[in-house]
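One structure below.
Rule-based calculations on the coordinates, nothing more; no lab input. Everything numeric in this text was worked out from a predicted model, so none of it was measured. Cβ sites come from the backbone with ideal geometry, for glycine too, and all protein chains shown count toward neighbours.
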Protein chains: 2
Amino acid sequence: MTAVVIVEPQAKGNVGTVARAMKNFGFDDLKLIDPPAIEPGDEAYGFAGHAREDVLPSHDVLTFDEVIERYHTVGFTAHTGNDERRHVRYPFCSPASLAESLVADAGRFEAPIALVFGREDTGLANDELARMDEICSIPASAEYPVLNLGQAATIALYELRVLADAPTQHAPRADATVTATEGLYDQFDALLGAIDHPEEKRPKANRLLRRVFGRARLTGREASSLRGGFRRATELAETSRRRSRSVDDRR
Amino acid sequence: MTAVVIVEPQAKGNVGTVARAMKNFGFDDLKLIDPPAIEPGDEAYGFAGHAREDVLPSHDVLTFDEVIERYHTVGFTAHTGNDERRHVRYPFCSPASLAESLVADAGRFEAPIALVFGREDTGLANDELARMDEICSIPASAEYPVLNLGQAATIALYELRVLADAPTQHAPRADATVTATEGLYDQFDALLGAIDHPEEKRPKANRLLRRVFGRARLTGREASSLRGGFRRATELAETSRRRSRSVDDRR
């Protein structure tokens, strides 16, 4: 279960907005660090929509140290060290690539994941970012990349909805099954063999294809068409190489 | 230039939130239909962040008919006809596929694009949706897919930021150039020829590959690696077929 953490929120309305976005995208575990008192009927409830019934009232309060100890933490920041406002530079990822890597690594972390958002005015401090396992930054206009807390959390939860895995109001997409995509990757590896791609470069080429097709989120039909094309290419390339070899042998 | 239209907004704070998201993602043309009076110092300005300096004060007021006449319109709705709340069913797309198709079709529309958001409580009415050129729906939890107006617009503008094309605070990504991707697609078409893919099925296979790699947003390095692999496979497949033919000729 993925937790959403807000460090020292100041405006109750923003806590409500984050709770609403959580419910919109299937998340339900809200943790607050040093929040204002939140009570039924106040602004947090006013902004929470249907989350006033569950996500918001069931929030927990804990400390920053407890979050660091208990979770695999992802901190969000607008400033990435590519501008003059932050002197410390951290490696960071976008929400889209974060979704990709967290899904790919599912089960690799011993701790549950926590998405950590900072204060409205100053965000997360450098020493807080330094304690996170990963840093994520939402790509926005260089002229004004600072999103409001509620808006930043909304985009992050939208991009990471795959972690909550709630059925959506849209008809389900016919995503390729793991078996279908693994079959496709195996076939690509066979094609690399057939075209004599250097052995030491094959893991890298295989990773490239996995990354590209992972980003594209193949449908079942797409995976099967591509696999068919790769299979035919593999067969012809193998035939061609076999014949070259037999010609060489006869020389 | 892409316009953002809000139909009959009720809460000024939401207008400010939308203006802020516009500035965060590089949009600046805000149009309001029958809005409350918006004046410096009120809640709209309070929520607008730096957009209080430009996007918000320079908004225009116009009518629904004027929007329909002047723009290629995209209406946003949470209810897509897959539930019982909306009796009329419209074909709809997700923000991600909308971004893909609007970029692919850039220049095809005679009118500029308008992204149209509805009222806080009831959204866009069925007769309004019926007059839109396209309908877009943000995938959210089936249990509670109704986003707050400001949050819906924030996600839409985030996904469609490619239309505004503002430089982001992130280092630029080394996207493949059009020349590089077209070269890759040409090579794939040559591979289809080499593996004897039926002539009548080739346009469909080519479209599939364009769609998949378009979604994946290839980097220059990825496009060039994939092209190299396809080229080698094409050469070997052609050699193989040529030899088969010469064997056949000798029979």
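Summary of values
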item: 10 Å-binned pair-distance histogram of segment B:178-250 (Cα, whole percent); result: 19, 45, 25, 8, 2
item: Other copies of residue A:34: label-to-label distances in nm, shortest first, labels 7 Å along the beta-carbon direction; result: 4.8
item: Folded to 0 to 90 degrees: helix B:220-250 orientation relative to chain B principal axis, Cα; result: 30 degrees
item: Taking all pairs of distinct alpha-carbon atoms in chain B, Kirkwood radius in angstrom; result: 21.0 Å
item: Given charges at beta-carbon only (K, R positive; D, E negative), |dipole| of chain A in Debye; result: 1920 debye
item: Theoretical FRET efficiency, 1/(1+(r/R0)^6), r = Cβ-Cβ of residue B:120 and residue A:201, R0 41 Å, to 0.05; result: 0.15
item: Per residue convex hull volume, Cα atoms of segment B:1-77, in Å³; result: 89 Å³
item: Point-to-point label distance, residue B:105-residue B:1, nm (Cα→Cβ direction, 7 Å offset); result: 2.3 nm
item: Relative contact order for chain B, counting Cα pairs under 8 Å that sit 6 or more residues apart, in percent; result: 21 percent
item: Where a label projected 7 Å from the Cα of residue B:243 along Cα→Cβ would reach, residues of segment A:170-198 with amide N under 18 Å; result: A:191-197
item: Cβ-vector label at 7 Å, residue A:143, separations to other copies in nm; result: 4.1
item: Cα Rg, Dmax, segment A:1-136, angstrom units; result: 15.0, 43
item: Distance from segment B:1-54 to segment B:111-147 (C-alpha centre basis), Å; result: 18 Å
item: Zero-based 10 Å bins, Cα pair distances in the protein assembly as shown, whole percents; result: 4, 17, 26, 24, 16, 8, 4, 2, 0, 0
item: Whole-number percent relative contact order across segment A:178-250, with pairs defined as alpha carbons under 8 Å at least 6 apart; result: 50 percent
item: Chain B, helix-only ellipticity at 222 nm - DSSP H runs n ≥ 4, -39,500 (n - 2.57), divided by all residues, nearest 500; result: -14500 deg cm²/dmol
item: Shielding of A:158-167 by partner chains, average beta-carbon count, 10 Å; result: 3
item: Point-charge dipole on Cβ atoms (K/R +1, D/E -1) for segment A:178-250, about Cα centre, debye to 20; result: 280 debye
item: Shortest-first distances to equivalent copies, position residue B:121, nm, label 7 Å out along Cβ; result: 3.6
item: Reach of residue B:12 by Cα under 19 Å, taken over lysines that are not fewer than 8 positions away in the same chain; result: A:12, B:23, B:31
